[in-house]
Amino acid sequence: MCKTCQHKVKSIYDNPKYMFYLEKGEMKLEKYRRKGLKTTYTSHVKKRLYQRCISESEILSALNNGWLIRSKPQSAIILSYTKVGRTYRPIHVVLGYNGDTIEIITAYRPDHFTEVWNDSYDKRICFCEGKKGGMY
């Protein structure tokens, strides 16, 4: 990991705002789970789901069973593991909050970007621009 990324990782995960937004995001997600709020899909995510062989049932499973790994006031990233055959694969779902609607922005498999995520795929460890290619 380069020095720039080391500094950025420290500044994000050691910042009290990180936990504050994570807790607020968990409350929003719990509201969705309890009330079954409306879910919409962007045209971008529909294209990406097809390209990345991710099903809508995997997205719904992530929403209902996954956990937040990144949260901002209007968006979040959920990590979940979905069963495919006899194995489980990690999936990240990026979502936005729009009133009482959760908008699915994109989804991807973080195991395809091992240089960007830690071994458990719950913390981003590289922020170099060139390494994100195709992730979102």
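Of the strands (runs of 3 or more DSSP E) that lie entirely inside region 39-136, not one contains 3 or more residues that are touching a Lys or Arg at 6+ places or on another chain (Cβ under 6 Å) and without any contact (Cβ under 8 Å) to a residue 12 or more places away in the chain.
Would it be correct to say that Met19 is assigned to a loop (DSSP other than H, G, I, E, B) and over 14 Å from the mean Cα position of the chain (by Cα)? Against the criterion (assigned to a loop (DSSP other than H, G, I, E, B) and over 14 Å from the mean Cα position of the chain (by Cα)), Met19 does not qualify. You will find that of Arg86, Arg109, the residue that is of a type outside the set (Phe, Trp, Tyr), more than 16 Å from Glu26 (Cβ to Cβ) and surrounded by fewer than 15 Cβ atoms within 10 Å (Cβ to Cβ) is Arg86 and no other.
When residues in region 99-119 are screened for being over 19 Å from His44 (Cβ atoms), at pLDDT 90 or above and out of contact with any Phe, Trp or Tyr (no Cβ under 9 Å at 6 or more places or on another chain), 3 of them pass.
The values are calculated or read from the model by the stated rules, or taken from the named source; none is laboratory data. Remember, predicted model here, so these are calculated numbers, not experimental data. Ideal geometry is used to build each Cβ from the backbone, glycine not excepted, and the neighbour counts take in all protein chains shown.
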